[in-house]
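All remarks here apply to the structure that follows.
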Amino acid sequence: MKIIMLGAPGAGKGTQAKMIADKYGIPHVSTGDIFRANIKNGTELGMEAKKYMDQGLLVPDELTVKILLDRVANEDCKNGYVLDGFPRTIPQANVLDKALTELGDQIDFAIDVDVPDENIVKRMGGRRACLSCGATYHIEHVPPKAEGICDTCGEKLVLRDDDKPETVQNRLNVYHEQTQPLIEFYEAKGVLRTVDGTQDMKDVFKSIVAILG
Ligand code: AP5
Ligand code: MG
């Protein structure tokens with residue numbers, strides 16, 4: 001099963017994608033997590049991506065598309081995957097579409113996790129992230145067992161650089177301009193499904209499972 005998660009920054013794409021990956025036994029592929037891991041390890045790709053990410057801008061398509069296509073060509077993706085944060089522009093969607101078509105394949109579902117902008121800004125300030133394993137917490141909704149420490153790997157949790165309020169607003173603007181058009185793109189392909197992302201995260205997941213079967 002090949003799934004795309006759509007939705008604004010902070011809508012809960014990552015939270016839901018991890019649950020989908022666990023339940024259906026497919027890898028969770030997040031371009032944001034790949035970039036953050038590269039930043040943490042000080043790679044050239046990481047340094048280049050950071051320039052854009054810290055301003056809430058998109059990393060250029062040339063860089064993003066290549067890392068995504070390399071990742072999904074891995075053996076572990078052969079039975080499917082859940083993409084989180086990719087595609088984010090129409091050109092990225094076209095590249096993915098072309099690559100899949102060449103393999104005689106296609107996306108099964110594009111799930112739009114729908115959350116209004118007002119809710120998003122409130123959520124982001126409370127998010128804490130583990131830059132080591134990609135786990136995500138929320139100081140109110142999903143607190144870690146020990147304050148500031150990742151339950152999974154024991155690393156220190158951080159407020160992401162791009163979760164500052166002024167950067168969140170930029171990310172939302174970029175989302176509306178460049179990413180929201182993908183909703184129509186996947187609707188036209190007949191694979192778009194929308195879930196109400198303002199529900200409790202367990203209920204969001206129930207709505208997704210009802211779609212995926
Ligand atoms: P990325 O890492 O993809 O960030 P994003 O899209 O901005 O989304 P987030 O990870 O912030 O939010 P999410 O929807 O995953 O929400 P989460 O589950 O964490 O990208 C970061 C940057 O990398 C981009 O800005 C760009 O620069 C670059 N980039 C990445 N991919 C790219 C691409 N394809 N092209 C170009 N550039 C790219 O949830 C948010 C918080 O809310 C958490 O604290 C969570 O615990 C909580 N929460 C989740 N669900 C609920 C709920 N139902 N109720 C209450 N709280 C909830
Ligand atoms: Mg995420």
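We did not get these values from a lab; they are worked out from the coordinates using the rules stated. What you see is a predicted model, and the numbers here were worked out from it, not measured in a lab. Counting neighbours? That spans all protein chains shown, and the Cβs are built from the backbone with ideal geometry, glycine included.
Annotations
- Dipole axis of the chain (+1 Lys, Arg; -1 Asp, Glu on Cβ), positive-most option in CYS130, PRO9, PRO91: CYS130
- Put in line by how crowded their Cβ is, counting other Cβ atoms within 10 Å and starting with the fewest, MET5, MET47 read MET47, MET5.
- Region 101-213 shape via C-alpha gyration tensor axes, a/c threshold 1.5: prolate
- Listed by Cβ neighbour count within 10 Å, with the fewest neighbours leading, HIS138, HIS28 appear as HIS138, HIS28.
- Gyration tensor verdict on region 92-161 (Cα atoms; rounded if a/c is under 1.5, prolate if a/b is larger than b/c, oblate otherwise): prolate
- By other beta-carbon atoms within 10 Å, ranking PHE35, PHE109 with the fewest at the front produces PHE109, PHE35.
- DSSP bridge orientation in the chain - percent antiparallel, rounded to nearest 5: 25 percent
- Note on region 168-188 and region 75-105: Cα centroid distance 18 Å, given to the nearest whole angstrom.
- Chain lengthening between VAL121 and ASP161 when straightened (0.36 nm per residue, less Cα-Cα): 12.9 nm
- Net charge of neighbours whose Cβ lies under 11 Å from the Cβ of GLY80, counting Lys and Arg as +1 and Asp and Glu as -1: -1
- Three-way shape label, region 5-46, alpha-carbon gyration tensor, a/c 1.5: oblate
- Simple label model, 7 Å out from Cα along Cβ direction - ASP196 to ILE183, nm: 1.6 nm
- Under 11 Å, Cβ to Cβ, from PRO9 - net charge with Lys/Arg +1 and Asp/Glu -1: +3
- Anchor LYS189: lysines whose Cα lies under 18 Å away (excluding residues fewer than 8 positions away in-chain): LYS2, LYS98
- Reciprocal of mean inverse Cα separation for region 1-109 (Kirkwood radius, Å): 14.4 Å
- Put a plus charge on the Cβ of each Lys and Arg, a minus charge on the Cβ of each Asp and Glu, and nothing anywhere else: the dipole of region 39-156 about its Cα centre is then about 460 debye.
- Inter-probe distance in nm under a simple model that places probes 7 Å from Cα toward Cβ, at GLU140 and ASN170: 2.6 nm
- Karplus-derived HN-Hα couplings along region 135-141 (A = 6.51, B = -1.76, C = 1.60, θ = phi - 60°), whole Hz, x at Gly and Pro: 5, 10, 10, 9, 4, 9, 7
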